[in-house]
Each structure stands twice: as structure tokens, then as C-alpha cells.
1. Taking the conditions exactly as written (buried (at least 24 other Cβ atoms within 10 Å of the Cβ), more than 13 Å from the ligand (Cβ to nearest atom), of a type outside the set (D, E, K, R) and assigned to a helix (DSSP H, G or I)), does Cys176 satisfy them or not?
2. Looking at the range 54-66, is at least one residue under 27 Å from Phe194 (Cα atoms), of a type in the set (Lys, Arg) and touching a residue at least 24 places away in the same chain (Cβ under 8 Å)?
3. Scan the range 63-93 for residues that are closer than 17 Å to Ala156 by Cα and more than 9 Å from the ligand (Cβ to nearest atom) and report the count.
4. Which condition does Trp132 not pass, out of (1) hydrophobic (A, V, I, L, M, F, W, C); (2) more than 18 Å from the chain's Cα centre (by Cα); (3) crowded, with 24+ Cβ neighbours inside 10 Å, if it passes all the others?
5. Give the residues of the range 181-228 that are surrounded by 24 or more Cβ atoms within 10 Å (Cβ to Cβ) and of a type in the set (S, T, N, Q), sorted by residue number.
6. Within the range 276-296, how many residues turn out to be touching a residue at least 24 places away in the same chain (Cβ under 8 Å) and closer than 23 Å to Glu368 by Cβ?
7. May I ask you to verify whether Ala266 is within 16 Å of the ligand (Cβ to nearest atom) and small (Gly, Ala, Ser)?
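The values are calculated or read from the model by the stated rules, or taken from the named source; none is laboratory data. Bear in mind that the values here come from a model prediction, so they are computed numbers and not experimental data. Don't worry about glycine lacking a Cβ; one is built from the backbone with ideal geometry, like all the others, and counts go over all protein chains shown.
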Amino acid sequence: MFASLIQFIREQYRTNDFIPLHAPVFSGRERDYVLETIESTFVSSVGAFVERFESDMAGYTGSQKAVATVNGTAALHTALMLAGVQSGDLVITQALTFVATCNAIAYCGAQPVFIDVDRHTLGLSPLALEKWLEEMARKDDDGTCRLKSTGQVVRACVPMHTFGHPVELDSLVAVCARWGIALVEDAAESLGSFYKGRHTGVFGRVGVLSFNGNKIITTGGGGMILADEDLGRRAKHLTTTAKQPHPYEYVHDEVGYNYRLPNLNAALGCAQLEQLEDFIAAKRKLASAYSTALQGSDLRFFTEPDNCRSNYWLNAVICEDSKARDRLLKETNEGGVMTRPIWQLMNHLSMYGGCLRGDLTNSEWLAERIVNLPSSVISELPD
Ligand SMILES: *Cc1c(COP(=O)(O)O)cnc(C)c1O
């Protein structure tokens, strides 16, 4: 039934071997830069590539500051601390996300609240958010948003740009501002994705990126915090064991974290970032080919929302129902073409099953139907 799709994917990747969902491509100066760190002996948390990666990333995203971390989850944890999330707080996010979003909330001793996503963005719905707040929350005279029933503070809201497709940021920024909630963007999947000409991750108080092995660029493992000068400085402090600058004394002024990105990894990141726009061009070309190939079929190829340039990190199709999804998954994987369903909804996981949630109709609908297709960058054949 999906033989022609499998055939099409094999033609794109020009192979009869196993085709992974997403494999990294190292076609730039990765070897040179990594070797440079070894030859300099600066492979660990101090080194020129860390600073360069941070300033390159700030330049690319338009963020005032960018602070590198050991992974995206650590960046999220730090971002939530920067947003003032404390034990006992509530933090709004999507049920349709990767588990790291919720884990970071839990690390702060806070509890996630699950709000529905929109079908046209796959990300947090501003309307659903507003509706839930109207019903469940109040805003105190001091500007703090609290749950009416328990008085718990609703401290932050963490939308996630699913598969690199930007959420409706203008509306989310407005709702969060109106309710006094800090906006923290989980832009782990959306490096290179722009909303109305601005890079994702710079719309709220703080944003985070990930450079895990399966992301659009990789440092092996790594992440980045995007913030303004003040919060950026604070992020650096928190992620470097809260050590005060001193020529030789060890002075630490609070409980800090060792969340720094090693120079070795940053070297890889600098080389990868140099190729990002080429990667995105290749991914957008592949997405367009998928879209054309699937026209008239039972699979709806998911395309970027209006006014956005998406990085098309992972290509996605929406199947007619869960039966069709299961068939697609079975046939492609048996045929040596790796495809995956979207994550289980967070409220279905044992540790987050008891969390507050709004109506999740769209999340449930999408979770039953979405399948990711192979999305690795295809290098151009030499002419
Ligand atoms: C990848 C990812 C993260 C962070 O992941 P790390 O593997 O810790 O770098 C966070 N949120 C989402 C949505 C992700 O996809």
C-alpha cells in the first residue's frame, strides 16, 4: 500500500540500504576544529570554541546573549530557573511535546499544566491557553497569576516549536503578558526557524536550543540558552557552578550547576553552524518533494504555518486514522525505511498523569495520526 512512498524515499536518498529517520552530516570543518581543541589541550569547559559558538549563535538568532550548555534539557532547566520558577509553581506547556520539556519543569519542583495544541502549528494554542486561564486562574493586584482553586502561582508558559514549525508567537506573547506569565520558548527543534522574520527562541523572557545528535545541527550533545544581557549573565553564572570571578580563590555564591558545554563539543558546533543554511535549504527541498509526491494520497504532508520559515527538521504526515498510521509505520519499518509515531502525550505518562490539564482534543487527534518520515540532509551529488 505504501510501496510507492518507500520507493520515493529510496530515490531521494539514492540507496537500497536502511534509511534512518535523521542522521547527522559532517561535511564541513568538523575534523579541523575538533583536532584544534585536542592539539591545544583545551577540550573541556574552557576554550575559544565555546565563546565563538556562543557569539555565532547570538549573531545567527539575533539574541543579545547565548549561553552554551551540556544539553538542551540542562538549558531548559536553567531557563526555567531564570524565569523564576520555584517549587510548588505551575508551568503551562503542551501535552504534545518531548518528555524533556516536562522533566525540566519537574526538576524545579514545579508541576506542568497541559494545554492543547493547534492543528495548523502542532504547537501550543493561544486560544486554548486564554480559555483555560479565564476559567481556572486569576491575576492578583501584584500582577501574579494564580490558580483560583489552590492559589498556586502560574509562573511560566513553555510552548514548543514542534518539528521546527513555529507556534503562533504574537498571540502567545500577548496572552502571557496580559496574565503576567513568563514566556519560555522550547526551541530545541527549531534552530533556523523564523516567525515573521525573527528567529524562534527570542520572543519570550528566555529560549533554549538543543544540539543533540538527532537535531538539525549537533555538537554530540549540547544546548543553548537565549536571553538578554542580564539573564544571559545570570545563566552563565548558574551553569558554571555559580563561581565568582577570582584569580585563584574558589568562591561560589549559591547552589550552581555544572551545565557547561565542553570546548570539544563547541568545536563541532561551530563547524556545523557554518553549514546550517545549506542544511535548511536541503531540508526544505526534501519537504517540498515529499509534499508534491504525497499530493492526492491519503497522507497529508504537514507544511509550515503562514508567515514562518520552518527548518523542516523532521518531516511529518498526518494519516487518516490510527489504523492507517499503524499500517504506515509497519510497512515502512519492515521495508528498511525508518519512520516513527509522534511522542505519547505527556498526560499519558505515569509521572505526569496526575497533572492539571485543559481540553486536549487536538493533541489526542494528532497523536493518533502523525508519522515522521526520513528527514536527514541529502548532500548534493557532485556535478
Ligand atoms: C531535543 C529536545 C529537547 C532537549 O533535548 P536534549 O537531548 O537534552 O538536548 C527538549 N525539548 C524538545 C522538544 C526536544 O526535542
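1. Taking the combined requirement at face value, the residue satisfies it.
2. Looking for residues that are under 27 Å from Phe194 (Cα atoms), of a type in the set (Lys, Arg) and touching a residue at least 24 places away in the same chain (Cβ under 8 Å), one finds at least one in the range 54-66, hence yes.
3. Result for the range 63-93: 17.
4. (3)
5. Ser190, Ser193, Thr200, Ser210, Thr219
6. Result for the range 276-296: 3.
7. Here the answer is yes, as Ala266 does meet what is asked.
Okay, residues lined up against (1) farther than 30 Å from Tyr60 by Cα; (2) within 18 Å of the chain's Cα centre (by Cα); (3) at pLDDT 95 or above:
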site	(1), (2), (3)
Asp278	no, no, yes
Glu304	no, yes, yes
Cys319	yes, no, yes
Leu328	yes, no, yes
